[in-house]
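Contents: one structure, followed by commentary.
The values are calculated or read from the model by the stated rules, or taken from the named source; none is laboratory data. From a predicted model like this one, the values you see are computed outputs, not experimental measurements. As a convention, Cβ positions derive from the backbone with ideal geometry for all residues, glycine included, and neighbour counts pool all protein chains shown.
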Amino acid sequence: ELEAFGETTLQQNKTWIYIFFAGFIGGLLALFTPCVFPVIPMTVSFFLKRSENRKKSIRDAIMYGMSIIIIYVALGLVVTLLFGANALNTLSTNALFNIIFFLMLVVFAASFFGAFEITLPSGWSNAADSKAEITTGWISIFLMAFTLALVSFSCTGPIIGFLLVEVSMTESVIAPAIGMFGFAIALALPFTLFALFPSWLKSIPKSGGWMNVVKVTLGFIELAFALKFLSVADLAYGWGILDRETFLALWIVIFALLGFYLLGKIKFPHDDDNKVGVFRFFLALAPLAFAVYMLPGLWGAPLKALSAFAPPLQTQDFNLYTHEVHPKFDDYDIGMEYARKNNKPVMIDFTGYGCVNCRKMELSVWTDSKVGSIINNDYVLITLYVDSRQPLLEPVKITENGTERTLKTTGDKWSYLQRRKFGANAQPFYVLLNNEGSLLNKPYTYNEDVTKYADFLQTGLRNYRK
């Protein structure tokens, strides 16, 4: 059926470019932590002084940067080899693992706040350092880079952990490696650039209390993101403990506290007693403004900037917003039967509780008055969550690609339906059908262009009325 409309349905949930830049930004943040920043001038000076030949010094610094990249990319590949891309994607909505991710990020946040330090065994870094001293050439430089990776783990570990958890939402085999590639490039860049242009070392700020401010700020951000993983587990299993209001209330408090911290109203163990500077004052305005921005969300405002993180509007108990789209059915067979009785076309929304792009579409496109009106009035909307963990009344045995497997949850059932009937496995995925199950238009995937989406819906209606 799909081939008749000329549609290619396979897509990435997250583009490699997005993953790369997410890793790159994580690497930039890691640079300004107390474990990494002071090491930059010391390491560059070491390379410049260890040899009278400037070309050799530059070559060593470049090799040092390349070694950092190799180490972190290897870490990304190891993650995939240990779990596999499909396993990572399955784990992304597994209750146990999402709770583990939630607790892990809370622990990382507490570490950044100064409650304790997460460090690898000192023997590891000492052994790597001693090996670097007795070896020469590229191996020596590689071991120095490996030592940096070990000793900086208390600062980089939480950032790396968060990045690897985020890319677990994709089905790409190389996604963790791409994320770590971006992270490593950002981390390695200063060592190479300062070796090429040593005079730039004079312009970098001195180490000090501002680095702890960076750590604590990251702690608040990790604490906020921890709630996202708890929310995914809550939605997938239907517990109902973290609805949209509760989630937003917690985020409002977290970012308000971050603003007060940046204003110097809250102190953590490693903070100094210096006065708040002008830059830090203006920096505090961002989280405080963000907290105020989220307040209307408690009464149902869409908050499009939060579409990737907050639970869907359907979980909102008190909602004054009237333009949202509500699914009529969450079961394919029941929805199709209703459409036949009422002689209406069908729109199937293959979505997921852990699908970031699905939330973006719902809040950026479905909230448009024209789009919302067409979906609510002209179509029977059937929303199928492919990652739902609600158990089926009876397991269903199927044969797929020559392999027999058992469908145990409603998510398994809808995921199989999407693959079997529509040849796709990515979300969001929108299909327009007549009430006999035939396609009315080519399927629509992630694209936040409201005009194109409205045209997609109207074309389906025109084809239905022919």
Exercise. Sort through LYS206, LYS202 and tell me the only one that's modelled with pLDDT under 90, surrounded by fewer than 13 Cβ atoms within 10 Å (Cβ to Cβ) and part of a loop (DSSP other than H, G, I, E, B).
Key: LYS206
Self-check item: Matching entry among ASP317, ASP271, ASP330 (being farther than 25 Å from ASP243 by Cβ and modelled with pLDDT under 95)
Solution: ASP271
Self-check item: So LEU250, is it in a helix (DSSP H, G or I) and farther than 19 Å from ASN212 by Cβ
Solution: yes
Quiz item: When you go through (1) without any contact (Cβ under 8 Å) to a residue 24 or more places away in the chain; (2) within 30 Å of PRO312 (Cβ to Cβ); (3) not hydroxyl-bearing (Ser, Thr, Tyr) one by one for PHE197, which number turns out not to apply?
Solution: (2)
Practice problem: Determine, yes or no, whether ARG462 is among the charged types (D, E, K, R), farther than 20 Å from THR367 by Cβ and in contact with a strand residue (DSSP E or B) (Cβ under 9 Å, 6 or more places away or on another chain). | Solution: no
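One line per residue, one yes/no per condition, for (1) at pLDDT 60 or above; (2) in a helix (DSSP H, G or I); (3) of a type in the set (A, V, I, L, M); (4) not assigned by TED's automatic domain parsing to the domain that holds GLY65:
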| position | (1), (2), (3), (4) |
| --- | --- |
| VAL106 | yes, yes, yes, no |
| PHE116 | yes, no, no, no |
| GLU133 | no, yes, no, no |
| TRP138 | yes, yes, no, no |
| PHE142 | yes, yes, no, no |
| PHE146 | yes, yes, no, no |
| LEU150 | yes, yes, yes, no |
Exercise. Name the single residue, out of those in the range 386-409 being in contact (Cβ under 8 Å) with a residue 60 or more places away in the chain and crowded, with 19+ Cβ neighbours inside 10 Å, that is nearest to GLY354 (Cα to Cα).
Key: ASP387
Practice problem: Within the range 291-307, identify whether any single residue is hydroxyl-bearing (Ser, Thr, Tyr) and at pLDDT 80 or above, and answer yes or no. | Solution: yes
Quiz item: Only one residue in ALA291, ALA310 is part of a helix (DSSP H, G or I) and either within 25 Å of the chain's Cα centre (by Cα) or buried (at least 18 other Cβ atoms within 10 Å of the Cβ) (or both). Which one?
Solution: ALA291
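Residue by residue, here is whether (1) farther than 18 Å from PHE102 by Cα; (2) aromatic (Phe, Trp, Tyr) holds:
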site: VAL213; (1), (2): yes, no
site: LEU223; (1), (2): no, no
site: PHE229; (1), (2): no, yes
site: ALA233; (1), (2): no, no
site: TYR237; (1), (2): no, yes
site: LEU242; (1), (2): no, no
site: LEU248; (1), (2): no, no
site: ILE254; (1), (2): no, no
site: LEU258; (1), (2): yes, no
Quiz prompt | Candidate set from the range 411-435 (those that are in contact with a Lys or Arg (Cβ under 8 Å, 6 or more places away or on another chain) and either without any contact (Cβ under 8 Å) to a residue 40 or more places away in the chain or surrounded by fewer than 21 Cβ atoms within 10 Å (Cβ to Cβ) (or both)); member that is nearest to GLY352 (Cα to Cα) | solution = ASN425
